[in-house]
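A.B. asks: Take a look at the following structure, please.
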Amino acid sequence: MALAGAATLAELRAALSDAGLPDRAEDLRAPETGLVMTRGRIGGDGRAFNLGEATVTRAAVRLPGGETGFAYHLGRDRPKARLAAILDAHWQNPAHRPAVEAALGAVADRRAGAARARARRAAATRVNFFTLVRGED
Amino acid sequence: MALRPGFADPVHDAQAVFRAALDALSRPARVRPLPTALAPPAPLSPELAALALALADADTPLWLDPPLAGSDDVAAFLRFHTGAPLTADPAEAAFALIADPARCPDFAAFARGAPDYPDRSATLILALRHLDDAAGPAFAGPGIRGRARIDAGPVPADWAGRLAENAAAFPLGIDLILTAPGRIAGLPRAARLLQPAEA
Amino acid sequence: MYVAVKGGEAAIDNAHRLLAERRRGDPAVPELTVAQIREQMSLLVDRVMAEGSLYDPDLAALALKQARGDVVEAVFLVRAYRTTLPRFGASVPVETGAMAVDRRVSATFKDMPGGQVLGPTFDYTHRLIDFALAAAGEPEPAAEAEPGPDAALCPRVTDILGQAGLLEASPPEAGAPVGDLTREAVDFPADRAVRLQALARGDEGFVLALGYSTQRGYGRTHPFVGEIRCGTVAVEFVPEELGFSVPLGDVPLTECQMVNQFHGSGDVPPQFTRGYGLVFGQGERKAMAMALVDRSLRASELGEAVGAPAQDQEFVLAHCDSLQATGFVEHLKLPHYVDFQAELELVRRLRAEHAAARAQGDAPIREAAE
C-alpha cells in the first residue's frame with residue numbers, strides 16, 4: 001500500500017497492465033477525498049498534539065472474484081486511489097501477489113533511487129570539523 | 001461476510017437524512033417520514049443505519065446496545081461506512097444505537113454534558129416498532145405549538161419517569177431520536193413531558 | 001433615521017473580473033503554472049500549508065496563484081477548502097527521530113551521531129542579489145557524497161542530553177484525548193498540546209515577533225538551539241474499518257528543539273527545560289519562533305513570573321491566527337453606514353450642547369470638552 005500511494009497514476013496504470021490484471025471492480029466505497037489530522041509529539045517523543053491536517057484520498061473496491069482492496073494516500077487523486085485499491089485487491093489473492101509485486105518493482109526502484117539521491121546530496125553538505133588550535137593542553 | 005453497501009449517493013442521501021433529523025429535533029414529538037434504501041446487516045434497522053451514516057464520524061464514538069454489539073457484521077458495517085470508533089462504555093458515546101428499546105439502559109449511563117458545555121452529551125437513537133403522534137403522552141417546549149403527543153413502543157416501564165427527569169436536568173441531558181420503519185421523531189431534552197393533569 | 005439600501009451586484013461582478021485580469025498581469029508574459037509555484041516558490045507554499053494547517057502542496061500553490069501571492073488570502077482559501085471535506089481521523093503521531101533528514105544542525109553540540117548537515121540553507125549565503133538569476137539558466141547540479149555509516153541514524157540531540165538527566169523529559173503520553181482547536185473552543189489555561197497546534201498554524205510574523213520579544217527581555221528564557229531538523233517523515237493512519245495502520249505517504253517537516261535554562265526548584269534538581277516547534281515543510285524560522293514561544297507559555301507551569309506578552313496564553317493564542325486577525329481588522333472596511341450615522345448624530349448633538357454651553361460661559365462643560 002505504501003508503494004501504491006507513492007506511485008503516480010501513470011505508474012499504477014502501467015503496473016496493472018504489466019501484471020496482466022483487469023481493472024474491473026465494484027466500488028465498495030467510491031473514491032473520496034477527506035482529511036487526516038496529522039499528529040506530532042511534544043518534544044518529538046512526548047504527548048501527542050495536532051499539527052495540522054492533510055488531504056487524503058481513499059477508495060475501497062471488490063473484484064469479481066470477491067477480493068476486497070483498500071487505498072488511503074495523501075493528496076486528492078481519486079482515479080489513482082481507485083487503481084491503488086484494485087492493485088491491493090489483486091495482491092490479496094496469493095496467485096496474483098507475485099505479479100503485483102513485480103509490476104510495482106519499478107515504483108520501488110524509483111523511490112529508492114530518489115531517496116538515495118537525496119541522502120547523497122545531504123551527505124555532501126555535512127560539516128567535517130578540523131581542529132585549528134586546542135587551548136589549555 | 002460480504003460488506004453491505006452504504007448510501008448510493010453519499011452526499012445527497014446523508015444530507016436528506018440530516019435534514020430529517022434536524023426537522024425531527026426542531027419540531028419535537030412530530031412524526032415525519034424517513035425513507036431509506038439501505039439494507040444493513042440485522043439486527044441494525046435501516047433507519048438506525050441511515051442516521052448513523054449521516055451523523056457519525058471519526059470524532060463521534062458510537063455505543064451499540066447488546067443485540068447490535070453482538071453482531072460482527074453490524075460492527076464492520078458501521079466501522080467501514082462511518083469511520084466512527086465503537087465504544088463499550090456508554091458514558092463515552094456521542095451517539096447510542098438501540099435496537100432493543102424495551103431494554104434501553106438508564107439515561108444516567110450516558111453523558112449529559114457539563115454546565116459549560118451542555119452539548120457534550122449523548123444522542124440516543126432508538127429503533128421502535130411503533131411510533132405515532134396521534135395519541136400518547138403530551139409534551140410542551142420549544143418547537144412545539146401548544147402541546148404534541150407521541151406514542152412510542154416498546155419502551156421500558158419507567159419511560160415517563162426517565163423523560164421527566166431528563167427534562168428537569170435542562171440544560172444538561174440526553175437527546176432522543178425515535179425511529180420506526182420509515183419514520184422518525186425527535187425528543188430533545190427541551191421537550192417537557194406534561195403531567196396527566198396538564199395534558 | 002434608518003435607510004436600508006442594496007445594490008452593487010454589477011460593481012462586484014466587475015470587480016471580480018478586474019481582479020482576475022490584474023492577477024494574470026501582462027498577458028505578454030507567460031502565465032505561471034501551479035507546478036511552477038509548487039516547485040520554485042516552495043517555501044512560500046510551505047508557509048501557506050503551515051498557516052493554512054493543511055498539507056497539500058498543489059492546493060497551496062493554486063491558492064497562492066488565485067490570491068496573487070497574498071499569503072493571508074491564500075491561507076483563507078485553504079482553510080475554507082478544508083471545511084468542505086470530511087475528516088477520516090487522526091494520524092499515528094509522526095516519528096521525527098526517523099526523519100529522512102535534508103538538514104540537521106545543533107548549536108549546542110558540535111559532534112553528534114549523524115553530524116551537522118547543512119542542507120539547502122540560506123545561512124551562509126552573502127545575501128547579494130544574484131543578477132544571473134534574472135536570466136534563465138540551470139544551476140550546476142548539487143554535489144553528492146556517500147552518506148556516512150551513521151547518516152541513517154540521527155538521534156534527536158535532546159534524546160542524548162535526556163539520557164544524562166540534564167534535560168527535562170517530554171511530557172509522557174497518557175493516552176488522553178488530544179485537544180483540537182478546530183473542533184472545540186479554546187479554554188484558558190490551554191493545554192500545551194492545544195497551544196502547540198495554535199502556534200503551528202499561527203502567523204509566522206506574529207510568532208516570530210513574540211519569539212524575538214522574549215530574547216529582548218520580555219520574558220527571557222535563555223534559549224539555545226538544541227537541534228533543528230528538516231526532512232520527510234512517513235505518516236501512518238489507522239482506518240477504523242481496517243484496524244491496522246496504513247502508510248499515507250511522506251510529509252516534509254521542520255522540527256526545532258530549543259534548550260532553555262532553568263534553575264531547579266525544591267522538587268526538581270537543576271536541569272535544562274525545553275521548548276518545541278514543528279511545522280509543515282521547510283519552515284525553520286517559524287519552527288524556531290514557535291519553540292521560543294512554546295517555552296515562554298510554560299512560564300506559570302515552571303513557576304516563573306508571568307508578565308511579558310509572550311508568556312500570556314490568552315494574548316498569544318487569541319491573536320496568533322492570521323485568518324482571525326485579518327477577518328476582524330478587514331471587516332472594518334465593510335459598510336458601517338448605520339453605526340457611523342449613529343455616532344455622527346451623537347457628535348453633532350454634543351457639539352451643539354458644547355456650543356450652547358460656551359455661549360453661556362459654562363466652565364465645567366468647557367473643561368470636559370477639552
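A.B. asks: With no solvent and one equal point scatterer placed on each C-alpha of region C:9-82, evaluate the Debye formula and give log10 I(q)/I(0) for q = 0.11, 0.16, 0.21, 0.25 Å⁻¹, two decimals.
C.D. replies: -0.29, -0.58, -0.87, -1.06
A.B. asks: Right, another one. Which residue, C:Gln311, C:Phe328, C:Ala299, has the largest displacement toward the positive end of the dipole of region C:289-336 when charges sit on each Cβ (Lys, Arg +1; Asp, Glu -1)?
C.D. replies: It is C:Phe328.
A.B. asks: Quote the charge dipole size of region C:51-110 about the Cα centre in Debye, to the nearest 20; the model charges only the Cβ of Lys and Arg (+1) and of Asp and Glu (-1).
C.D. replies: For region C:51-110, the charge dipole is close to 120 debye.
A.B. asks: With the contact rule set at Cα under 8 Å and sequence spacing of 6 or more, what percent relative contact order holds for chain C?
C.D. replies: 17 percent
A.B. asks: Can you give me the Kirkwood hydrodynamic radius for chain C, using every pair of distinct Cα atoms, in Å to one decimal?
C.D. replies: Every distinct Cα pair counted, the radius reaches 24.6 Å.
A.B. asks: Follow-up question, since we're still on this one. Pick out, in residue order, every one of the trypsin sites (Lys or Arg not before Pro) in region A:1-53 that is DSSP loop and has at most 10 other C-beta atoms within 10 Å; say none if there are none.
C.D. replies: When the trypsin sites (Lys or Arg not before Pro) of region A:1-53 are filtered for loop state and at most 10 Cβ neighbours within 10 Å, A:Arg24 remain.
A.B. asks: Right, next: Averaged over A:71-78, how many beta carbons belonging to a partner chain fall within 10 Å of each residue's beta carbon?
C.D. replies: Neighbouring Cβ atoms belonging to other protein chains average 5 per residue here.
A.B. asks: Ok, one more. Send over a whole-number figure in Å² for the accessible area per residue of region B:10-193, probe 1.4 Å.
C.D. replies: Here the per-residue accessible area is 43 Å².
A.B. asks: Right, something else. Suppose we keep just the DSSP beta bridges with both residues in the protein assembly as shown; what percent of those would be antiparallel, to 5?
C.D. replies: If I count the DSSP bridges inside the protein assembly as shown, around 75 percent turn out antiparallel.
A.B. asks: Find the centroid of the Cα atoms in region A:22-60 and in region C:22-87, then give the distance between the two in whole Å.
C.D. replies: 21 Å
A.B. asks: Continuing with this model, one more query. What share of all Cα pairs of region A:2-123, in percent, falls into each consecutive 10 Å distance bin?
C.D. replies: Answer for region A:2-123: a P(r) of 14, 36, 30, 17, 4 percent.
A.B. asks: Please report, as a whole percent, how much of the solvent-accessible surface of region B:41-193 comes from carbon and sulfur atoms (probe radius 1.4 Å).
C.D. replies: That fraction is 53 percent.
A.B. asks: Right, another one. In the protein assembly as shown, if the dipole is taken from +1 on Lys/Arg beta carbons and -1 on Asp/Glu beta carbons about the Cα centre, which of C:Gln116, B:Leu51, B:Ala169 is farthest to the positive end?
C.D. replies: Among C:Gln116, B:Leu51, B:Ala169, the one farthest towards the positive end of the dipole of the protein assembly as shown is B:Leu51.
A.B. asks: How many angstrom lie between the Cα centre of region B:74-107 and the Cα centre of region B:179-197?
C.D. replies: Between the Cα centre of region B:74-107 and that of region B:179-197, the gap is 20 Å.
A.B. asks: May I pose another question? Using Cα-Cα distances under 8 Å and only pairs 6 or more residues apart, what relative contact order does chain A have, in percent?
C.D. replies: Reported relative contact order: 24 percent.
A.B. asks: Quote the charge dipole size of region B:10-193 about the Cα centre in Debye, to the nearest 20; the model charges only the Cβ of Lys and Arg (+1) and of Asp and Glu (-1). Can you show the working numbers first?
C.D. replies: Numbers: 16 positive and 20 negative charges, 160 e Å.
It comes to approximately 760 debye.
A.B. asks: Per DSSP H run of at least 4 residues, take -39500 (n - 2.57); add these up for the protein assembly as shown, divide by its residues and hand me the 222 nm value, nearest 500 deg cm²/dmol.
C.D. replies: -11000 deg cm²/dmol
A.B. asks: How are the C-alpha pair distances of the protein assembly as shown spread across 20 Å bins, as whole percents from the shortest bin up?
C.D. replies: 14, 38, 35, 11, 1, 0
A.B. asks: Among C:137-143, C:169-175, how do they line up by average Cβ neighbours within 10 Å per residue, starting with the highest?
C.D. replies: With the highest mean Cβ count within 10 Å placed first, the list reads C:169-175, C:137-143.
A.B. asks: Measure off 7 Å from each Cα along the Cα-to-Cβ vector at B:Ala2 and C:Gln215, then give the distance between these two points in nanometres to one decimal.
C.D. replies: With each label placed 7 Å out from Cα toward Cβ, I get 6.6 nm.
A.B. asks: Ignoring solvent entirely, what values of log10 I(q)/I(0) come out of the Debye formula for region A:1-68 at 0.13 Å⁻¹ when each Cα is a single scatterer?
C.D. replies: Relative scattering, expressed as log10 I(q)/I(0), comes to -0.58.
A.B. asks: With every protein chain present, what is the per residue accessible area of chain A (1.4 Å probe, Å²)?
C.D. replies: Each residue of chain A exposes 47 Å² on average to a 1.4 Å probe.
A.B. asks: Would you mind getting me the FRET efficiency between C:Phe122 and C:Thr33? Use the beta-carbon distance for r and R0 = 22 Å, nearest 0.05.
C.D. replies: Using R0 = 22 Å, I get an efficiency of 0.30.
A.B. asks: A further question on this structure: Please check region C:160-178 for residues whose accessible area, probe 1.4 Å, is lower by 40 Å² or more when all protein chains are in place than in their chain alone.
C.D. replies: With the partner chains in place, region C:160-178 has these residues losing at least 40 Å²: C:Ser170, C:Pro171, C:Glu173, C:Val178.
A.B. asks: Let me ask you something else. Nearest 5 percent is fine: what portion of the DSSP beta bridges confined to chain C is antiparallel?
C.D. replies: That works out to approximately 95 percent antiparallel.
A.B. asks: Give me the percent relative contact order of chain B, please, defined on Cα pairs under 8 angstrom at least 6 residues apart.
C.D. replies: 24 percent
A.B. asks: Using unit Cβ charges (K, R positive; D, E negative) and no other charged atoms, how large, in debye to the nearest 20, is the dipole of region A:2-123 about its Cα centre?
C.D. replies: That gives region A:2-123 a dipole magnitude of about 560 debye.
A.B. asks: For the pair C and A, how large is the buried accessible area, both sides, in square angstrom to the nearest 100, if the probe is 1.4 Å? List each step's numbers first, then the result.
C.D. replies: Values: alone 24110 and 9420 Å², together 28060 Å².
Looking at C and A, the buried total is near 5500 Å².
A.B. asks: Between B:Ala42 and C:Val347, how many nm apart are label points set 7 Å from Cα along the C-beta direction?
C.D. replies: 7.8 nm
A.B. asks: Evaluate the distance, in nm, between pseudo-label points positioned 7 Å from the Cα of A:Ala10 and of C:Leu334 along their respective Cα→Cβ axes.
C.D. replies: For the pair A:Ala10/C:Leu334, the computed spacing is 4.6 nm.
A.B. asks: Say the dipole of chain A comes from +1 at the beta carbon of Lys and Arg and -1 at that of Asp and Glu; which of A:Gly69, A:Gly113, A:His90 then lies farthest toward its positive end?
C.D. replies: A:Gly113
A.B. asks: Find the accessible area per residue for region C:9-82; the probe is 1.4 Å, ligands and nucleic acids are left out, and the unit is Å².
C.D. replies: Accessible area per residue: 58 Å².
A.B. asks: Further question: How many angstrom separate the Cα center of region C:296-334 from the Cα center of region A:67-99?
C.D. replies: The two parts, judged by their Cα centres, are 46 Å apart.
The values are calculated or read from the model by the stated rules, or taken from the named source; none is laboratory data. In this text the structure is predicted, and so the values were computed from the model without any measurement. Heads up, the Cβs are rebuilt from the backbone with ideal geometry, glycines too, and the neighbour counts pull from every protein chain shown. The accessibility values were calculated without ligands, DNA or RNA, using every heavy atom of the protein model including side chains. Shrake-Rupley method; radii C 1.70, N 1.55, O 1.52, S 1.80 Å.
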